[in-house]
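Below is one structure, written out as structure tokens; comments come after it.
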Amino acid sequence: MHILYLPSWFPSRRNPYPGDFIKRHAEAASLYNRITVFHTAIDETIKEPELVEEKINDNLFVYIYYYPSIKGIFSPVINGVKRFSALRKMYKKVFAVSSPDLAHVHVAYPAGLFALYLKKRKGLEYIISEHDGIYMPGYDNYHVPGQFEKKMVPVIYKNAKKIHAVSKSLAQALMDLKLAGTKPIVIPNVVNIHLFKYREKERSNTFRFIHISSLINQKNPEGMLEAFSLIKKTRNDFVLKIIGPAKEKIKKIVNDLSLENEVIFVGEIPYAEVAKEISNSDAMVHFTRYETFGCVIAESLCCGVPVIVSDLEATKELVRDGGNGLFVIESSIKDLANRILYFMESGFQMDSKQIAAESQQKFNYDRIGKVFDDLYRSVSS
């Protein structure tokens, strides 16, 4: 089958991180189907629009339309019209001779608007894969939907043939909001198991903790650092590596808490390097306030590295307390400090090779690609 991917988030040349998990879903799906990705992205360094085509493999083709940014009060409307116009041009160019069998929207808004147009104008059915934390309880208003978005999202959902969520808790949230009429299909994110795999660690007298995120409010980096400052009052035989954009605000907190010797800012590094850093850690710390899935948790477990994580419905789908990680009361700095100390003092044990093998079995490309293939065929049959 030929599937048209319409992601609202996708890696671009100006920003390679947003929606990287959606790209990995496309790679997994391309093991069984031909996938064509249409995406639009702002590039403030250009003056004229530009269409960039990329062949990822024999079954995966990506088209990204870059356009210069527009400033001003009407910029959201103008950019929205530009996006829509660009997608129409891409569709006419790529599907001039034959049409795709199905459209697959990743993150309902705004990409779902074009899927809705294709359904009404060309009779092309679409499914939605939802990843967005905006629908989760506890969402912190990082993005505030406008009136048009609020009006259109239910329409986009209502017209979808099927809905997929990356976790049971996100699926439940979509039902609670009446966006999904029936229980969405749950398919997890994928992990590149050729990179994220069990490796023997170098021996160390220091506990090596790792945190990977964009360091936004959702991930509660401030609370995590305060917990480590409490731990330092008891012992200082640890380091915390932080992978992500090293914001000045976070650096200042590290200095204010006198953690300069314990916290190492690695910055943003390639995906393969992330895998190596996780593999050489004793535990990942993920003090998140809410989560739709938790890609870094799955990646850590595929490396056989335990996770010290907030006790949430989504994280319970991945982590077994005392089995492959430890749960922490969400937003409780004291509990996080106590659980990390427990980890250090109890000699927390797990069969890392076994955990890595089990996790790789769950999140590998081949398995997830086949599940998507079954979903596509169930829609078109």
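Nothing in this text is a laboratory measurement; each read-out follows from the coordinates by a stated rule. Since the model is a prediction, treat every value here as computed from it, not as a measurement. We place every Cβ from the backbone using ideal geometry, glycine too, and count neighbours over all the protein chains shown.
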Once Lys and Arg are counted +1 and Asp and Glu -1 for all other residues with Cβ under 11 Å from that of Glu358, the total becomes +2
Can you give the convex hull volume per residue for the Cα atoms of the stretch 262-324, as a whole number of Å³? 104
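Could you line up Tyr32, Tyr5, Tyr17 from fewest to most neighbouring Cβ atoms inside 10 Å?
Values: Tyr32 19, Tyr5 27, Tyr17 14.
Fewest-to-most ranking of Tyr32, Tyr5, Tyr17: Tyr17, Tyr32, Tyr5.
For the stretch 139-244, state which GluC sites (Glu not before Pro) are in a DSSP loop and have at most 11 other beta carbons lying within 10 Å of their beta carbon.
Numbers: sites: Glu149, Glu200, Glu202, Glu222, Glu226; in loops: Glu200, Glu202.
Answer by residue number: Glu200, Glu202.
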Could you tell me the largest-minus-smallest coordinate of the C-alpha atoms of the stretch 242-381 on each of the three principal axes, in descending order and whole angstroms? 61, 34, 26
Reachable aspartates and glutamates from Lys252, Cα under 13 Å, same-chain residues fewer than 8 places away excluded? Glu222, Glu226, Glu260
Mind running the shape call on the stretch 1-145? Use the C-alpha gyration tensor, a ≥ b ≥ c as the square roots of the eigenvalues: rounded below 1.5 for a/c, prolate if a/b tops b/c, oblate otherwise. rounded
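Can you give the translational diffusion coefficient of the chain in µm²/s, computed by Stokes-Einstein from the Kirkwood radius over Cα pairs at 37 °C and 0.692 mPa s? Don't skip to the answer; put the middle values down first.
Working: Rh = 22.0 Å.
It diffuses with D of about 149 µm²/s by this estimate.
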In whole Hz, with x marking every Gly and Pro, tabulate ³J(HN,Hα) for the stretch 82-89 from phi via Karplus 6.51 cos²θ - 1.76 cosθ + 1.60, θ = phi - 60°. 4, 4, 5, 4, 5, 5, 5, 5
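Provide the gained length on full extension for the span Tyr117 to Phe148, in nm with one decimal, where the gain is 0.36 nm per separating residue minus the Cα-Cα distance. Provide the component values of the computation, followed by the final result.
Details: separation 31, 0.36 × 31 = 11.16 nm, distance 1.56 nm.
Answer, rounded to one decimal: 9.6 nm.
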Which far-off residues, 5 or more places away or on another chain, put their amide H under 5 Å from the one on Leu326, with H placed in the peptide plane? Val307, Ile308, Val309
Phi-derived 3J(HN,Hα) across the stretch 258-273 with the Karplus relation (6.51, -1.76, 1.60, θ = phi - 60°), rounded Hz, x for Gly and Pro, is 6, 10, 4, 7, 9, 9, 10, 8, 7, x, 8, 10, x, 3, 5, 6
For Val263, list long-range residues whose amide hydrogen, built 1.01 Å from N in the peptide plane, is under 5 Å from its own amide hydrogen. Leu240
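From the cross-link list Lys82/Lys158; Lys201/Lys249; Lys150/Lys241; Lys247/Lys362; Lys120/Lys168, which pairs have alpha carbons spaced over 28 Å apart?
On the way: Lys82/Lys158 25 Å; Lys201/Lys249 32 Å; Lys150/Lys241 39 Å; Lys247/Lys362 34 Å; Lys120/Lys168 30 Å.
Listed pairs above 28 Å: Lys201/Lys249; Lys150/Lys241; Lys247/Lys362; Lys120/Lys168.
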From the backbone phi of the stretch 197-214, what are the Karplus-calculated ³J(HN,Hα) couplings (6.51 cos²θ - 1.76 cosθ + 1.60, θ = phi - 60°) in whole Hz, Gly and Pro given as x? 8, 5, 9, 5, 8, 6, 5, 8, 8, 10, 6, 10, 9, 9, 9, 10, 5, 7
